[in-house]
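Asks: First the structure, which I've put down as structure tokens, then a few questions once you've had a look.
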Amino acid sequence: MTALLQDVRYALRGYRRSPAFTAAAILLIALGVGLNAAAFALFDAVVLRPLPEVQDVRGLVEIDEHSASYPTYAFFRDRTRAFSGVAAWANRWLSLSAPGSAERIRGTVVSGNYFEVLGVRPALGRFFASREGESGVPLAVISHRTWRTKLGGSPSAVGASIRLNGIPFTVIGIAPAAFRGVGFATPPDVWLPVGAWPRVATGELARLDYRNRSWGWLSMFGRLRSGVDLDLARAEAKIVVRLEATAFPADIDAGNSPALQPLARAAAGSGEASDPVRLFGTLLGAVGVVLLIACANLANLLLARAAGRRQEVAVRLALGASRGRLVRQLLTESLVLSLGGGLAGLLVAAWSLAIASGVSLPGGSTLGRFGASLDGRVLGFAFGISLAAGLLFGMVPALLSSRATLVPALKRETARASRRPAMRKILVTAQLALSLVLLSSAFLLVRSLRNALGTDVGFESHRVALASVHLGIARYDAPRALRWSRALADRAAALPGVRAVAWAGTLPLSGYRDTETVDLEGFHAGAVDAQSVGPGYYAAIGTPMAAGREFDRVLDPPGAAPAVIVNEAAARRFWPGADPIGKRLTIQGATGTVVGVARDARFRSLTEPPVPMVTANLDQLGGSGLLSTLTLLVRTSAEPRSVLEPLRGEIARLDPDLPVFGLQTLDDSIADMLLPQRLGSALIGLFAALALVLAEVGVYGVVAAHASGRFREMGIRMALGARPGQVRRMVVRDAAFPIVLGVAAGLPLAAIGARLLERFLYGVTPSDPATFGACVLLLAGGALAAADFPARRAGRIAPLEALRHE
């Protein structure tokens, strides 16, 4: 221990005498460790620990029954033996109202044993008892955030009354701060027992009995009994489904085979369109590459420093120090440096997480909702990679430095100082190869984002403002909803700069889609994509009509024969070669007449071509359309954000207690669909730029050191008649080999990295030759430029000065 403390003190004195080297080394380590710690904190919160505050996560299993009814859930719960408990849940939008204000919040309807099966403990108060699940008593558990922001964080909130969809509920408990439910979607603000759901149900849902076996609306999960594995649980689940099908053959399909998987996978968003597991895994891999490049650069710095310490090492060896003792001292110096850089890296990690927490996610949430922080696991990870980095970049320099040849080193001979450039060139080659991986990945994501933004979607998204409401949760009936929606549309149309206004039930490229069964005259079309919009929609969104007309308030009044609009894809499929105008079809149980054909537009996603679409008139749907989520589209002649606050004001004047949400532009809404490309191109592009700079600094350092070691040789060449250009070309030629080798080694690695990103690419292949060609030219060109700086300096050597040089 005494010897170790001596080594540490000696290392600190040495670094204090070399402030420039110490600062550069600590900066390199801080960047590598800090970025990796921040990426691991996000990966840990989103992927590794998606169910914080939940007990024994490994024992929880998602039971996918394709949305089970409550009686099916109860049947499964009461007959399973593989699970110690089975719970059910469903997300629902609710209105949390106070006098003069209201806000749309996310509620979760749960079985009475929901929190018990999860093993979550309340932060304050209590959770539901099993018997309260079906009692119908209006009880609520609120999230920690809702408790702080809406109820002031006071302990007296337990027992207080809140109004949900206008109905008073008693708060009985506060959920833990980190608990965010069991789904990947936006965390719930409130939890209600399933028996209390009829009190707040609105619209068509208010007419549905939650005890109806044919209404599948719940997701299920269970906790495995001790000693029961997933295969046994799957086998039992199939048996239970068959038993229910036998007992209720009219409602249950015996062929259903429940898909069981760990609940943690579902909570981590596995299988989501954005694939968070792969996205954050890719991010962690990218910052890992940055760390490796930083380590390689630091190893080169240490090798250069070791070259200046050859005499010191030789003196120690001459005085009897063993090689092992020297290696231990040099490794101690590296570890001291790495731990100092790791401590500085925590500041980089905290800063990175603070920035990342504000990154917007679809649904109005941010990355901050995952609660990523520098907790004990992240600190342990940072400490571990700091030690690993210290060993990684310190071992080779320590071994090479301890092999100093005594006599030449003691005599300060420099003729052989360059006898070990191979290791430094290998490190530069590795840096360039890894940089090419990040550079190509960033180029592919940027090109993919550019292609997606440049796609002809079939409508004009610019200059459109959006505002969403949910009249159902505000307890509107259909006639009142129609009057209110028309009044707001008229007020919005009167705002300065507004060119067109219309309502829509579902927006294109929003991540949501509806299907309806369509029957034609003498032909069953089956399930077809459908949407509901109000008069003027196609003018507001900028999709031209190919034939016929739009919906019209006067021509298509409520109660009249329903008017229908189809797109060109539907016209080609249903009436090939015929005029669709005037044709009749049945949708949602009503027979309507086609009054218009709209041009094809992308609706599901940017990557899918237009599909057949049938559009119904919101004004003629009554409660089924107007009492769900509605979005007002306002096309303006100026910046659309300028009308958002006036629009909010008009809504408040019509109904101050109505929650308004989704105040944004249509461009912003579409941008949510491109989150992986936007996030990936920004972050990996940043890391690629950092890696490129580090690699070029490494090339510069190696070439400069190599040229310095040949200072006398170059002076002799100049004295014998060599021209400056010849010396310059000689230095650059020596640097070209590791550059070419690095590019050659990086190409197959870059191809592998591109394959991992394939799911996030749009309009570009993982093996796109133009992308790889541009990356190779950029990397090689930058490296050669970095090598040319010391080469130019070498070409200006004065022969007499070089000949006097020792």
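The values are calculated or read from the model by the stated rules, or taken from the named source; none is laboratory data. Because the structure is a prediction, the values reported are computed rather than measured. All Cβ positions, even for glycine, are placed from backbone atoms using ideal geometry, and neighbour counts span all protein chains on display. Note: areas computed on protein heavy atoms with side chains; ligands, DNA, RNA excluded. Shrake-Rupley method; radii C 1.70, N 1.55, O 1.52, S 1.80 Å.
Asks: Name the residue that is farthest from L627 (Cα to Cα), counting only residues in region 520-546 that are touching a helix residue (DSSP H, G or I) at 6+ places or on another chain (Cβ under 8 Å) and among the aliphatic types (A, V, I, L, M).
Replies: A546
Asks: Kindly indicate the residue of region 138-154 that is modelled with pLDDT under 90 and assigned to a helix (DSSP H, G or I) and also surrounded by the most Cβ atoms within 10 Å (Cβ to Cβ) among those meeting that condition.
Replies: The extreme case among them is K150.
Asks: Criterion first (among the polar types (S, T, N, Q), open to solvent by 20 Å² or more (accessible area, probe 1.4 Å) and under 31 Å from the mean Cα position of the chain (by Cα)) does S18 satisfy it?
Replies: Numbers: among the polar types (S, T, N, Q): yes; open to solvent by 20 Å² or more (accessible area, probe 1.4 Å): yes; under 31 Å from the mean Cα position of the chain (by Cα): no.
No; evaluated as a whole, the condition is false for this residue.
Asks: Condition check: surrounded by 21 or more Cβ atoms within 10 Å (Cβ to Cβ), touching a Leu at 6+ places or on another chain (Cβ under 8 Å) and not polar (S, T, N, Q). Does A175 satisfy that?
Replies: Values: surrounded by 21 or more Cβ atoms within 10 Å (Cβ to Cβ): yes; touching a Leu at 6+ places or on another chain (Cβ under 8 Å): no; not polar (S, T, N, Q): yes.
When the stated conditions are applied, A175 does not pass them.
Asks: Taking the residues in region 178-217 that are surrounded by fewer than 17 Cβ atoms within 10 Å (Cβ to Cβ) and not small (G, A, S) as candidates, determine which candidate is modelled with the lowest pLDDT.
Replies: E204
Asks: Can I ask one more? From V554, V564, which residue is open to solvent by less than 10 Å² (accessible area, probe 1.4 Å), over 21 Å from S669 (Cβ atoms) and out of contact with any helix residue (DSSP H, G or I) (no Cβ under 8 Å at 6 or more places or on another chain)?
Replies: Details: V554 fails: open to solvent by less than 10 Å² (accessible area, probe 1.4 Å).
Exactly one of V554, V564 is open to solvent by less than 10 Å² (accessible area, probe 1.4 Å), over 21 Å from S669 (Cβ atoms) and out of contact with any helix residue (DSSP H, G or I) (no Cβ under 8 Å at 6 or more places or on another chain), namely V564.
Asks: Could you say whether any residue in region 622-637 is at pLDDT 90 or above, in contact with a Phe, Trp or Tyr (Cβ under 6 Å, 6 or more places away or on another chain) and more than 20 Å from A465 (Cα to Cα)?
Replies: no
Asks: Here is a further query. What are the residues in region 48-105 that are under 29 Å from G281 (Cα atoms), of a type in the set (A, V, I, L, M) and part of a helix (DSSP H, G or I), if any?
Replies: L48, V57
Asks: Collect the residues in region 583-605 that are under 23 Å from G763 (Cβ atoms), at pLDDT 85 or above and either open to solvent by less than 40 Å² (accessible area, probe 1.4 Å) or assigned to a strand (DSSP E or B) (or both), keeping them in residue-number order.
Replies: Once the filter is applied, which keeps residues that are under 23 Å from G763 (Cβ atoms), at pLDDT 85 or above and either open to solvent by less than 40 Å² (accessible area, probe 1.4 Å) or assigned to a strand (DSSP E or B) (or both), region 583-605 yields D600, A601, F603.
Asks: A follow-up question, please. Give the number of residues within region 653-682 that are among the β-branched types (V, I, T) and farther than 29 Å from E758 by Cβ.
Replies: So in region 653-682, the residues among the β-branched types (V, I, T) come out as 660, 665, 670.
Restricting the remaining residues to those that are farther than 29 Å from E758 by Cβ gives 660, 665.
Selection size over region 653-682: 2.
Asks: Here is a further query. Cβ-Cβ distance below 9 Å, separation of 6 or more or different chains: which pairs start in region 428-445 with a residue that is under 11 Å from G753 (Cβ atoms) and free of Cβ contacts under 8 Å to residues at least 60 places away in the same chain and end on one that is in a helix (DSSP H, G or I) and not polar (S, T, N, Q)?
Replies: none
Asks: Let me ask something additional. Regarding V693, is this residue open to solvent by 10 Å² or more (accessible area, probe 1.4 Å) and modelled with pLDDT of 80 or more? Let's see the steps before the verdict.
Replies: Details: open to solvent by 10 Å² or more (accessible area, probe 1.4 Å): yes; modelled with pLDDT of 80 or more: yes.
Answer is yes for this residue.
Asks: Is one or more of the residues making up region 161-170 over 14 Å from T108 (Cβ atoms), charged (D, E, K, R), modelled with pLDDT of 90 or more and in contact with a Leu (Cβ under 8 Å, 6 or more places away or on another chain)?
Replies: Of region 161-170, the ones over 14 Å from T108 (Cβ atoms) are 161-163, 165-168, 170.
Retained after the next criterion (residues that are charged (D, E, K, R)): 163.
Checking the rest, the ones that are also modelled with pLDDT of 90 or more come to 163.
The next check asks that each one be in contact with a Leu (Cβ under 8 Å, 6 or more places away or on another chain); those that pass are 163.
Yes, the conditions are met somewhere in region 161-170.
Asks: Name every residue in region 21-51 that is surrounded by fewer than 24 Cβ atoms within 10 Å (Cβ to Cβ) and over 27 Å from the mean Cα position of the chain (by Cα), in order of residue number.
Replies: F21, T22, A23, A24, I26, L27
Asks: Please specify each residue of region 78-96 satisfying the condition of being under 23 Å from R126 (Cα atoms) and open to solvent by 30 Å² or more (accessible area, probe 1.4 Å).
Replies: Of everything in region 78-96, those that are under 23 Å from R126 (Cα atoms) and open to solvent by 30 Å² or more (accessible area, probe 1.4 Å) turn out to be S84, W89, N91, R92.
Asks: Across region 446-467, what is the number of residues that are open to solvent by 10 Å² or more (accessible area, probe 1.4 Å) and in contact (Cβ under 8 Å) with a residue 24 or more places away in the chain? Full working, then the answer.
Replies: We begin by selecting, within region 446-467, every residue open to solvent by 10 Å² or more (accessible area, probe 1.4 Å); these are 446-447, 449-451, 453-463.
When the remaining residues are screened for being in contact (Cβ under 8 Å) with a residue 24 or more places away in the chain, the result is 446-447, 449, 451, 453, 455, 457-463.
Of the residues in region 446-467, 13 are open to solvent by 10 Å² or more (accessible area, probe 1.4 Å) and in contact (Cβ under 8 Å) with a residue 24 or more places away in the chain.
Asks: Sticking with this one: Suppose we keep only residues that are assigned to a loop (DSSP other than H, G, I, E, B) and under 11 Å from L520 (Cβ atoms) within region 573-582. Which one would you say is least open to solvent (accessible area, probe 1.4 Å)? Don't jump to the end; show me each part of the working.
Replies: Within region 573-582, the first condition is being assigned to a loop (DSSP other than H, G, I, E, B), and the residues that meet it are 575-582.
With under 11 Å from L520 (Cβ atoms) added as a condition, the list becomes 575, 580.
Numbers: W575: 30, P580: 13 Å².
Applying the filter and picking the extreme gives P580.
Asks: Next question, about the same structure. Condition check: surrounded by fewer than 17 Cβ atoms within 10 Å (Cβ to Cβ) and in a helix (DSSP H, G or I). Does E608 satisfy that? Full working, then the answer.
Replies: On the way: surrounded by fewer than 17 Cβ atoms within 10 Å (Cβ to Cβ): yes; in a helix (DSSP H, G or I): no.
No; evaluated as a whole, the condition is false for this residue.
Asks: Follow-up. Can L387 be described as at pLDDT 85 or above, farther than 17 Å from L284 by Cα and either in contact with a Lys or Arg (Cβ under 7 Å, 6 or more places away or on another chain) or open to solvent by 50 Å² or more (accessible area, probe 1.4 Å) (or both)?
Replies: Numbers: at pLDDT 85 or above: yes; farther than 17 Å from L284 by Cα: yes; either in contact with a Lys or Arg (Cβ under 7 Å, 6 or more places away or on another chain) or open to solvent by 50 Å² or more (accessible area, probe 1.4 Å) (or both): yes.
Here the answer is yes, as L387 does meet what is asked.
Asks: Does D56 satisfy the condition of being under 30 Å from L205 (Cβ atoms) and surrounded by fewer than 19 Cβ atoms within 10 Å (Cβ to Cβ)?
Replies: Working: under 30 Å from L205 (Cβ atoms): no; surrounded by fewer than 19 Cβ atoms within 10 Å (Cβ to Cβ): yes.
Answer is no for this residue.
Asks: Within region 494-543, can you find the residues that are open to solvent by 50 Å² or more (accessible area, probe 1.4 Å) and aliphatic (A, V, I, L, M)?
Replies: We begin by selecting, within region 494-543, every residue open to solvent by 50 Å² or more (accessible area, probe 1.4 Å); these are 494, 496, 499, 511-517, 519, 521-524, 527, 539.
Answer for region 494-543, where residues must be open to solvent by 50 Å² or more (accessible area, probe 1.4 Å) and aliphatic (A, V, I, L, M): A494, A527, A539.
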